[in-house]
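In what follows, a structure is listed as structure tokens, so that the remarks can point back to it.
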Amino acid sequence: MSEIAVKMVGIRKTFPGVIANDQVNLEIFKGEIHALLGENGAGKSTLMNILTGLYKPDKGEIFLDDVHVDFKSPKDAIQAGVGMVHQNFRLVKPFSVIENVMLGQKGSSILNIEETEARIKGISHRFGLEVHPKAKIWQLSIGEQQRVEIIKMLYKGADILILDEPTAVLTPQEVNDLFKILRNMANEGKAIVFITHKMHEVMDFADRITVLRAGLSVKSMMKIDTDTSELANLMVGREIARGRKNTNKTIGEVALKLENVSALNDKGLLALDKFTLEVHSGEILAIAGVAGNGQRILSEAITGLRELTNGKIILYGEDLSNQSIREIIDKGVAFVPEDRYGMGLAANLSVIDNVLLKDYRNKKYGINFLNSNTTRAKAIELVEKFDVKIPTVDSPVKMMSGGNLQKLLLARETDIDPKLIVAVYPIRGLDIGATDFVHEILIKEKNEGAAVLLISEDLDEIYKMADRIAVIYEGRLMGVLPVEEAKLEVVGLMMSGTDVREGDSNV
């Protein structure tokens, strides 16, 4: 057995109205990749924020190499060799890689740039962290920016590296590249911890696993001694249904029709190219494709956020093309955007205010002024109906976990009895329990007659949820297949731009 790098004993941390960690025990060994698995709100990030000195535990002890430590700040932690790469990168985008690495370093000046560049190149070569030291952060892909964050920690001498939801914004190839890098680091004796709720990544890449649930450390085990079913049950404390969820065939008339729809992206380039598609009532139609192939532009065109340059968007025979957002909302179009904070919800506003964002003109809430009793009652009703965990409806939504944010967003959007729901990556960043809840809501709406356009990069989700699969590539529709006939290899070829209608008949 390898040496213990970190030992956390009896860790307890509370916030007003919330017990985040309750008598948590954790051991992390040198030379291993350790997965910290649990639902959103299980206490994973809080525990690691304690280890990195961002929070101070109310009770409990921390040992590094059998030596008791008491961190007063992240500075103390990094000096002891503990570093963390957060889900939201802490990089200055106009600055270069070198400048970002040097920020906060004692004696950083123009005089030691060459020395810093040489050290960065050495770290990059040693662990396979390929990135150009002089590149500006804004010029780098998300995966490359994450490498810069890792380089920053290694530059500061981290031997224990923690990554918070490191794959949330990465492509599948970037995920594989990341874990190759982490394996190289583990092979050199570094202790790696990654916080996640994605069981397939745990089973693919971890050596050991610790499951947290509701602030408690439920179980630690070697990966070879467990499976995804056990992990799912440990995470949520109940049986989770596996396999296909959408089994009710209730498809009706054409609800949404896109006729040769074209639109430009933010750079003025063609991003949606004569896109033609029909979505029926009582149907979940999934848009599959690699990120950046026009999915966001498509969702914005349908919901009025993006002007069309060509074509028509028709909902139940009524032309919605280039109508205002308010008119489209009033026609019964609900939108669950990719960005919950930036577009879906207002982070600094209360739950009450966010519930009313799209319905505040409704006279039932008041004529000239909003009736506080009525608005509060509405917010409480939706919070209870959708099991949103929040201390009070007066709390700002920025205090909520990703799963609860998505529940609140779905509560607001489906409260209008929508005719059409456009859901963009609705389970991105969610744990298994929240994912299950979101899927149940979308299926419920579909069964009640709504047309659901599901945009996702997760093929597991698509095969579990869709009635039909449409593939998008460079803003063009590559084809539409019933889910029962959609072979994985065919969908994969279409996602890469291959027109299978003209290709190998044996595909």
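The values are calculated or read from the model by the stated rules, or taken from the named source; none is laboratory data. If you're wondering where the values come from, they're calculated on a predicted model, not measured in any experiment. Note that each Cβ is placed from the backbone with ideal geometry, even for glycine, and that neighbours are counted across all protein chains shown. These area figures cover heavy atoms from the full protein model, side chains too; ligands, DNA and RNA do not enter into them. Shrake-Rupley method; radii C 1.70, N 1.55, O 1.52, S 1.80 Å.
A few comments on the model shown:
- Looking only at residues in the stretch 20-38 that are in a loop (DSSP other than H, G, I, E, B) and open to solvent by 10 Å² or more (accessible area, probe 1.4 Å), the one that is nearest to HIS200 (Cα to Cα) is GLU32.
- Residues of the stretch 374-433 classified as under 14 Å from the mean Cα position of the chain (by Cα), more than 30 Å from LEU256 (Cα to Cα) and polar (S, T, N, Q), total: 1
- Selected residue (criterion: surrounded by the fewest Cβ atoms within 10 Å (Cβ to Cβ)) from residues of the stretch 79-96 that are closer than 15 Å to LYS156 by Cβ and out of contact with any strand residue (DSSP E or B) (no Cβ under 9 Å at 6 or more places or on another chain): ARG90
- Some residue of the stretch 39-60 being in a strand (DSSP E or B), modelled with pLDDT under 90 and not aliphatic (A, V, I, L, M): no
- Test: residue in the stretch 120-128 that is under 18 Å from ALA158 (Cα atoms), among the basic types (Lys, Arg) and out of contact with any His (no Cβ under 9 Å at 6 or more places or on another chain): yes
- Matching residues, the stretch 8-33, being in contact with an Asp or Glu (Cβ under 7 Å, 6 or more places away or on another chain) and under 21 Å from ALA232 (Cα atoms): ILE33
- Counted residues, the stretch 309-339 - those being surrounded by fewer than 21 Cβ atoms within 10 Å (Cβ to Cβ), part of a loop (DSSP other than H, G, I, E, B), of a type outside the set (S, T, N, Q) and touching a residue at least 24 places away in the same chain (Cβ under 8 Å): 4
- Test result for LEU161, in a loop (DSSP other than H, G, I, E, B) and either open to solvent by less than 50 Å² (accessible area, probe 1.4 Å) or in contact (Cβ under 8 Å) with a residue 40 or more places away in the chain (or both): no
- Note on the stretch 164-199: among residues that are of a type in the set (A, V, I, L, M, F, W, C) and part of a loop (DSSP other than H, G, I, E, B), the one that is most open to solvent (accessible area, probe 1.4 Å) is VAL169.
- Qualifying residue in the stretch 178-194 (condition: of a type in the set (Lys, Arg) and under 20 Å from the mean Cα position of the chain (by Cα)): no
- Top-ranked residue in the stretch 125-153 [being outside any helix (DSSP H, G or I) and of a type in the set (Lys, Arg); ranked as least open to solvent (accessible area, probe 1.4 Å)]: LYS136
- Neighbours by Cβ (under 8 Å, 6+ apart or cross-chain): first from the stretch 131-142, touching a residue at least 40 places away in the same chain (Cβ under 8 Å); second assigned to a loop (DSSP other than H, G, I, E, B) and open to solvent by 70 Å² or more (accessible area, probe 1.4 Å): LYS136/LYS93; LYS136/PRO94; LYS136/PHE95; ILE137/LYS93; ILE137/PRO94; ILE137/PHE95; TRP138/LYS93; TRP138/PRO94
- Residues that are outside any helix (DSSP H, G or I), touching a Phe, Trp or Tyr at 6+ places or on another chain (Cβ under 8 Å) and buried (at least 17 other Cβ atoms within 10 Å of the Cβ) occur in the stretch 61-71; there is at least one.
- Some residue of the stretch 132-142 being under 30 Å from ARG213 (Cβ atoms) and not acidic (Asp, Glu): yes
- Against the numbered list (1) surrounded by fewer than 20 Cβ atoms within 10 Å (Cβ to Cβ); (2) under 13 Å from THR309 (Cα atoms); (3) in contact with a strand residue (DSSP E or B) (Cβ under 9 Å, 6 or more places away or on another chain), LYS257 comes up short only at (2).
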